[in-house]
Amino acid sequence: MLWLAVLAAVGLGALRAPGAADEEFSTPGIESQKAFDLMQERFPGAAADGATARVVFVAPHGERVTATGHRKAIEETVTALGDGAQVAGVTDPFTANAVSKDGTTAYATVTYKVKSSEIGDTARTALDDAVDRARDTGLTVETGGSAMDSGGGPGGVAEVVGIAVAAVVLLATFGSLAAAGLPLLTAILGVGISMFTITVLSDSLGLSTSTGTLAMMLGLAVGIDYALFVVSRYREERAGGRAPEEAAGLAVGTAGSAVVFAGLTVVIALAGLAVVGIPMLTKMGLTAAGAVVVAVLIALTAVPALLGFWPNAVLAGAARRGEGGHRRFRFRFRFRLRSEKPTTQHGNGNGAGDGAGNDPHDGRDNLGTRWARLVLRRPVPVLLLAVLGLGALAVPMTQLQLGMPGDEAKSTSTTERRAYDDLAEGFGPGFNGPLTIVVDAKGAGDAKAAVGTISERIAGTTGVVSVSQAHFNKAGDTAVFTATPSTSPTDDRTKTLVKAIRGERPAVESAAGASYEVTGTTALNIDVAQKVQSALVPYLVTVVGLAVVLLLVVFRSLLVPLKAALGFLLSVLAALGAVVLVFQQGHAAGLFGVAQTGPIMSLMPIFLVGIIFGLAMDYEVFLVSRMREAYVHGEPAKEAVVSGFRHSARVVVAAALIMIAVFAGFIGESESMIKMIGFGMATAVLLDAFVVRMAIVPAVLALLGDRAWRLPKWLDRLLPRVDIEGEALTRNTATDRAGVTVTDPDPAPDEPVEAHL
């Protein structure tokens with residue numbers, strides 16, 4: 001009830017909260033951002049916030065747009081565009097020097113009074129109608145620009161697909177509609193609270209409309225997984241004969257403890273995005289971390305509360321019938337007092353340790369244990385095969401090219417891509433990515449002469465085809481002009497050109513007596529890519545270092561956390577290699593709906609590293625904590641690995657499949673960047689869960705044996721102690737039952753209950 005009240009409160013607050021603003025992308029500390037800030041300072045009001053649309057006109061083959069009939073049609077279209085709703089102004093191609101040298105192509109720029117996300121249906125319809133009328137005259141007309149971006153992002157289809165697949169996986173895992181529905185219900189509850197809270201805080205904290213995308217994606221995924229682990233442990237304890245209240249307490253005390261530490265690793269990874277120094281990325285990371293915290297709290301409180309309301313609903317069919325008196329249920333307890341540490345209780349061959357609802361203590365093998373024993377028999381071949389496979393997949397990552405894909409990355413079926421291609425053909429490939437030069441002539445004796453010198457020197461740089469006339473501010477101490485490269489915005493030669501223009505700056509500034517900086521979309525993308533690459537190593541060191549310390553506390557082992565971190569690096573590098581193979585090199589691009597290959601989005605590696613590291617540690621904690629629990633309770637090292645797989649393999653596989661489904665749902669989106677993120681995340685989870693955690697982890701632990709669980713004494717004294725294995729709970733429960741004969745309250749005459757003390 002408390003969580004429902006919180007949901008209602010933040011929901012009402014979200015309805016009354018002002019709409020979230022469209023945050024402008026900014027990257028402090030890079031040259032292109034400094035130049036843009038200088039432009040805003042010296043040209044107040046010049047940087048319009050309104051969206052723009054670029055309407056491109058192409059004459060039929062062998063004709064020119066300057067022909068009388070075509071010129072008249074273009075001028076009529078310009079007039080119609082100017083009369084559209086929310087339009088601030090339109091430039092005429094014939095008076096604005098916007099006609100190609102060969103006369104085949106022209107363009108008109110439409111400026112709106114509002115941002116792209118605020119353009120109404122009436123304004124968009126007016127634009128489409130004007131374009132359609134121009135096409136009827138025989139001209140080829142395409143439209144690009146920021147006005148074509150509706151700002152909607154994913155329309156919810158990805159989330160629906162992810163939830164649907166998650167429901168199927170949960171139903172197959174638990175065999176119970178209630179057990180499958182509970183994680184979905186609590187995850188949706190958590191996502192609702194998180195998204196409403198983000199909306200409430202958006203105005204005061206400056207959160208944009210895109211900030212909550214990551215929070216929704218991760219909140220849904222981890223919300224399902226964390227509830228899944230608690231429900232699975234509850235079913236396991238009930239299958240072992242625990243009363244509902246006792247089973248819920250043990251589930252929260254063991255699986256719930258693992259949830260807390262797994263959630264902390266995700267929060268560390270997301271909060272660590274602040275290291276990159278990009279405000280938008282920092283906000284996205286912190287809001288997503290908040291959504292993970294909500295998911296953890298709900299898993300620890302709402303899930304056991306719902307189990308208290310319906311204690312038998314989540315059990316498998318046979319167990320429910322036994323609880324209802326329709327069938328007798330056989331319980332068998334074994335408490336061995338031959339050592340100080342009780343032995344681990346094993347799951348059965350039907351996966352009861354994973355919540356199947358049967359007796360988990362008879363030690364029969366299930367699919368997880370059979371796989372574990374296979375790896376334990378051949379640890380070296382399994383380890384070599386897995387490492388070499390991931391290494392081979394990671395090789396393309398060495399050719400990673402970062403950038404910010406624009407209209408050139410869209411499908412040729414879109415008018416934006418066709419407009420981009422028409423402009424490149426008519427005006428040259430560099431026309432779509434001009435460089436903006438900002439000259440600070442304050443202090444120069446002759447500002448115009450200084451700007452002229454800089455303009456001439458840049459025009460003479462190899463790779464520059466033209467420079468525009470300089471535009472001065474009212475004070476006459478700052479000027480702006482553009483330099484058009486001979487190559488496209490994503491071409492490596494354009495990056496070389498930007499470096500060359502900046503590299504010759506000392507000599508040019510000395511000759512001119514004024515300073516200049518390079519900005520524009522192309523330069524900004526180059527600078528952001530460089531900043532992300534520079535921040536990647538510090539980010540990895542910070543996040544991995546903190547997580548290793550956390551895992552040291554959890555597992556009280558030095559080698560297990562190091563193995564976890566190295567395994568993650570393998571999986572994330574392999575995932576990045578797969579992204580390069582598909583989105584940059586074009587292998588199997590058609591299979592995933594990739595219309596155009598190109599550079600990888602600049603923020604993609606940092607996103608992938610941050611998010612997948614947290615999720616990878618989830619699987620590490622849930623799988624290895626059960627192994628340590630078995631080892632602490634007296635099992636040999638190799639048998640502890642088998643026990644861990646007996647209890648956790650099935651549920652970890654289900655959790656990974658749910659994550660993959662949620663992320664893979666975004667591959668179907670039309671937006672290239674969203675598609676890329678979804679593919680990268682799904683691939684990384686697939687590789688980390690099924691190759692690293694299911695193959696490399698047991699193989700390494702088999703080779704290490706008891707050494708895997710050792711910790712230097714000096715370090716053991718420094719680290720705080722946490723009981724994630726539930727040893728104290730097990731000891732207390734055993735003490736409570738010691739000397740007491742456990743009997744079935746309603747035993748069947750032919751099915752006696754056994755109690756071994």
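The values are calculated or read from the model by the stated rules, or taken from the named source; none is laboratory data. What you are looking at is a predicted structure, and each value in this text was computed from that prediction instead of being measured. Don't worry about glycine lacking a Cβ; one is built from the backbone with ideal geometry, like all the others, and counts go over all protein chains shown.
Numbers below:
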read-out: Where Val652 falls short, out of the listed (1) at pLDDT below 85; (2) buried (at least 24 other Cβ atoms within 10 Å of the Cβ); (3) over 21 Å from Arg377 (Cα atoms); (4) not polar (S, T, N, Q); value: (1)
read-out: Among (1) within 22 Å of Asp37 (Cβ to Cβ); (2) in a loop (DSSP other than H, G, I, E, B), the one test that Val438 misses; value: (2)
read-out: Matching entry among Pro720, Pro712, Pro698 (being loosely packed, with under 15 Cβ neighbours inside 10 Å, within 30 Å of Val380 (Cα to Cα), modelled with pLDDT of 55 or more and not small (Gly, Ala, Ser)); value: Pro712
read-out: Subset of region 454-483 (residues that are of a type in the set (A, V, I, L, M, F, W, C), free of Cβ contacts under 8 Å to residues at least 40 places away in the same chain and in a helix (DSSP H, G or I)); value: Ala459
read-out: Qualifying residue in region 725-737 (condition: among the hydroxyl-bearing types (Ser, Thr, Tyr), at pLDDT 85 or above, farther than 19 Å from Leu551 by Cβ and surrounded by 19 or more Cβ atoms within 10 Å (Cβ to Cβ)); value: no
read-out: Ala419 touching an Asp or Glu at 6+ places or on another chain (Cβ under 9 Å), surrounded by fewer than 23 Cβ atoms within 10 Å (Cβ to Cβ), of a type in the set (A, V, I, L, M, F, W, C) and within 16 Å of Thr521 (Cβ to Cβ); value: no
read-out: The listed residue being in contact (Cβ under 8 Å) with a residue 60 or more places away in the chain, surrounded by 24 or more Cβ atoms within 10 Å (Cβ to Cβ), of a type in the set (Gly, Ala, Ser) and out of contact with any strand residue (DSSP E or B) (no Cβ under 7 Å at 6 or more places or on another chain), out of Ala637, Ala684; value: Ala684
read-out: In region 201-220, the residues that are modelled with pLDDT of 80 or more and within 18 Å of Leu297 (Cα to Cα); value: Ala215, Met216, Leu218, Gly219, Leu220
read-out: Residue in region 579-600 that is nearest to Arg417 (Cα to Cα), counting only those that are aliphatic (A, V, I, L, M), modelled with pLDDT of 85 or more and outside any loop (DSSP other than H, G, I, E, B); value: Ile600
read-out: Region 502-521, residues that are closer than 14 Å to Ser32 by Cβ, in contact with a Ser or Thr (Cβ under 6 Å, 6 or more places away or on another chain) and either part of a helix (DSSP H, G or I) or at pLDDT 90 or above (or both); value: Thr519
read-out: Of the criteria (1) touching a helix residue (DSSP H, G or I) at 6+ places or on another chain (Cβ under 6 Å); (2) free of Cβ contacts under 8 Å to residues at least 24 places away in the same chain, which one Ile526 fails; value: (2)
read-out: Scope region 210-240; condition under 18 Å from Ser176 (Cβ atoms) and among the hydroxyl-bearing types (Ser, Thr, Tyr); matching residues; value: Ser232, Tyr234
read-out: Region 487-515: number of residues that are over 16 Å from Asp527 (Cα atoms) and over 35 Å from the mean Cα position of the chain (by Cα); value: 12
read-out: Meets criteria (at pLDDT 80 or above and in the same structural domain as Lys283 (by TED's automatic domain parsing)) for Ile612; value: yes
read-out: Top-ranked residue in region 511-547 [being among the β-branched types (Val, Ile, Thr) and surrounded by fewer than 19 Cβ atoms within 10 Å (Cβ to Cβ); ranked as farthest from Met617 (Cα to Cα)]; value: Thr521
read-out: Within region 97-138, tally of residues that are assigned to a loop (DSSP other than H, G, I, E, B), touching a residue at least 12 places away in the same chain (Cβ under 8 Å) and either touching an Asp or Glu at 6+ places or on another chain (Cβ under 7 Å) or within 25 Å of Gly406 (Cα to Cα) (or both); value: 7
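Quick grid of which residues meet (1) surrounded by fewer than 16 Cβ atoms within 10 Å (Cβ to Cβ); (2) touching a helix residue (DSSP H, G or I) at 6+ places or on another chain (Cβ under 8 Å):
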{"position": "Leu38", "(1), (2)": "no, no"}
{"position": "Thr52", "(1), (2)": "no, yes"}
{"position": "His61", "(1), (2)": "yes, no"}
{"position": "Arg71", "(1), (2)": "no, no"}
{"position": "Leu81", "(1), (2)": "no, yes"}
{"position": "Asp92", "(1), (2)": "yes, yes"}
{"position": "Thr95", "(1), (2)": "yes, no"}
{"position": "Asp102", "(1), (2)": "yes, yes"}
{"position": "Tyr112", "(1), (2)": "no, yes"}
